[in-house]
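What follows draws every value from the coordinates through simple rules; no lab data is involved. No experiment lies behind these values; they were computed from the predicted model shown. Note: ideal-geometry Cβ built from the backbone for every residue, glycine included; neighbour counts use all protein chains shown.
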Amino acid sequence: MKDRKNYIGGKFLPAVNGGLLDVVAPATEKVYARIPDSDDQDIALAVKAAEEAFPSWSGLSAEQRADHLRKVADSIESCLDELAELESIDTGKPVSLAKRVDIPRASANFRFFASAAEQFSSEAHIGSAMLNYTHRHPLGVVGCISPWNLPLYLLTWKIAPALAAGNTVVAKPSEVTPLTAARLGEICRDAGLPDGVLNIVHGRGTKAGQALVTNATVKAISFTGGTATGRAIATLAAPMFKKLSLELGGKNPSLVFADANFDEAVETSVRAAFTNQGEICLCGSRIFVQGDIYDEFKKAFVNKVKVLKVGNPSEKDTDIGALVSEEHRQKVMNYVDLAINEGGRILTGGKVPDQLARGYFYEPTVIEGLDAFCRTNTEEIFGPVVTIQPFFDEDEAVRYANTTEYGLSATVWTRDLDRAHRVSSRIKSGIVWINCWMMRDLRTPFGGVKNSGVGREGGWEAMRFFTEPQNVCIKRN
Ligand code: TXE
């Protein structure tokens, strides 16, 4: 078992306090790695390294920074198989999914923001008395904190724009799934990224994470994770006047109207509910189907869920792997109990698979008979559990869609273009997909409203977040 280290100033270092944390493989329940149990001392070292690297990194031309980012992207691509396997061991997700989605997206993040660095520009406001232009400066040292569900994908989604904009970074990956982040440190060093530009500190949220949030030199925090954690981070960071980007939970509705392309709606709704074991903030976990097609849809949906293969994440045909931890599976099981208490009927799933005694597996579960306002239908479960219920008309569908405190994404299934526009504008969420799910153009603003977060990632939004605008005003004669 190889102990992983922090990556600070181009060196691989243990925690100053010498502490280590066990990392458990969810599909086998075995401890397979240890990471530094870092604290404020390690964060201070990393921040110092980032501070020292900042003048030369921010002084490079955009093209030079872009070159560095492309080299990192190339290296990630060349390590596809290895990284996908590490991601699968760490999270329990099917290795095929990591190979198809997580790792390609990590390299795409670097490639995309390499181009963004080259193309980023700012405004000029030209008047008769004066000329104003906006100079966008990098912030300095920034902190990136990422969760366990899409470890490398989400970590690089933050690191890449931060570096592209000329900042240096201290990153704190999830302590539950640290392996690909640890490997990223090696990849960046081997790809020639200058020392101290990216620093990766492992450890617990309440120790290393909190030390990063409260470090006075760190100018901004970009965070993805649970809503309660986002609130705790905002409470600490706001009085320090740090810039904050918070991408939090979701409880996303899928609205299926009777005129939808039936087969596509069924197929994609299954994917939306159960991809990555339902552990994606964008998963469609509440399905509302127009009454006329409810029974037919329910039958087709449940039939497709019943044939999903739950099991060994390294087998090619596995659809659903293990949940990330015992604790998380318990949370999911508690919600299924709650659903039953709230009057729900399990149509399929609702238990640990009989054949999988080891590993944190759980059957894909479909529940009907709940009202739209109950706890099961309004709180984030973040697992392979979906509810399905009928609606009568458009007004009711929109009302149900908007019942939760979350507002990240929604999907609308209809062939009626007017309705698609009308309904999407009435849904309170940061993203609305029409007749699709999780199609992503990295230029679009990504993020949620209400308790799903503050700020937007993606494209220019990310480049703006990681820069400070300065207005320069010149008097004209
Ligand atoms: O995430 P946390 P958890 C949801 C999901 C899940 C719940 C909790 O419902 O059940 O959140 O998951 C770091 N200061 N999502 O507990 O705690 C932590 O170390 C600074 C949705 O695993 O939010 C990790 O790196 N940092 C979500 C990161 O924050 C702190 C994805 C996320 O951990 C910290 C994951 C603190 N005080 C869970 N406390 C999504 N939106 O995709 C923790 N951290």
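Per-structure values
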| quantity | calculated |
| --- | --- |
| Relative contact order (%) - segment 252-441, alpha-carbon pairs under 8 angstrom, separation at least six | 28 |
| Reachable aspartates and glutamates from Lys450, criterion Cα separation under 12 angstrom, eight or more residues apart if same chain | Glu247, Glu405 |
| Estimated translational D of segment 381-440 in µm²/s (Stokes, Kirkwood radius over Cα pairs; 20 °C; 1.002 mPa s) | 172 |
| Per-residue ³J(HN,Hα) for segment 103-120, Karplus 6.51 cos²θ - 1.76 cosθ + 1.60, θ = phi - 60°, Hz, x for Gly and Pro | 6, x, 5, 5, 6, 4, 4, 5, 5, 4, 7, 5, 5, 4, 4, 6, 9, 5 |
| Anisotropy class of the chain from Cα gyration tensor, a/c 1.5 cut | oblate |
| Neighbour net charge for Thr414 - beta-carbon separation under 12 angstrom, K R +1, D E -1 | -2 |
| Straight-distance crosslink candidates among lysines, where the alpha carbon sits under 25 Å from Lys309 and sequence neighbours closer than 8 are dropped | Lys30, Lys93, Lys99, Lys251, Lys298, Lys299, Lys331, Lys351 |
| Rounded if a/c under 1.5, otherwise prolate or oblate - segment 166-224, Cα gyration tensor axes | oblate |
| Charge tally in the Cβ shell below 14 Å around Ala129, where Lys, Arg are +1 and Asp, Glu are -1, Ala129 excluded | +2 |
| Those aspartates and glutamates that a straight Cα-Cα span of less than 19 Å connects to Lys207, excepting residues fewer than 8 apart in one chain | Asp22, Asp37, Asp39, Asp40, Asp42, Glu175 |
| Two-site FRET efficiency, Val449 against Arg375, from Cβ-Cβ distance with R₀ of 25 Å, rounded to 0.05 | 0.75 |
| DSSP-loop GluC sites (Glu not before Pro) across segment 47-146, with at most 15 other Cβ within 10 angstrom | Glu123 |
| Sparse-neighbourhood loop sites, chymotrypsin sites (Phe, Trp or Tyr not before Pro) in segment 205-303 - DSSP loop, at most 14 other Cβ within 10 angstrom | Phe241 |
| Label-point separation in nm, Asn261 to Arg422, each point 7 Å along Cα→Cβ | 2.3 |
| Fraction of antiparallel bridges per DSSP, the chain only, in percent to nearest 5 | 40 |
| Per-residue [θ]222 nm for the chain (sum of -39500 (n - 2.57) over DSSP H runs n ≥ 4, rounded to 500) | -11500 deg cm²/dmol |
| Shape of segment 1-140, Cα gyration tensor, a/c cut at 1.5 | oblate |
| Within segment 319-458, percent of DSSP bridges classed antiparallel, to nearest 5 | 45 |
| Theoretical FRET efficiency, 1/(1+(r/R0)^6), r = Cβ-Cβ of Lys316 and Asn471, R0 41 Å, to 0.05 | 0.15 |
| For His137, residues with placed amide H under 5 Å, excluding near neighbours | Glu468, Gln470 |
| Cα long-axis angle, helix 417-426 against the chain (0 to 90 degrees, to the nearest 10) | 70 |
| Per-q log10 I(q)/I(0), segment 252-441, q = 0.13 Å⁻¹ (Debye; single scatterer per alpha-carbon; no solvent) | -0.62 |
| Of the trypsin sites (Lys or Arg not before Pro) in segment 274-369, those whose Cβ has at most 16 other Cβ within 10 Å and which sit in DSSP loop | Lys309, Lys316, Lys351, Arg358 |
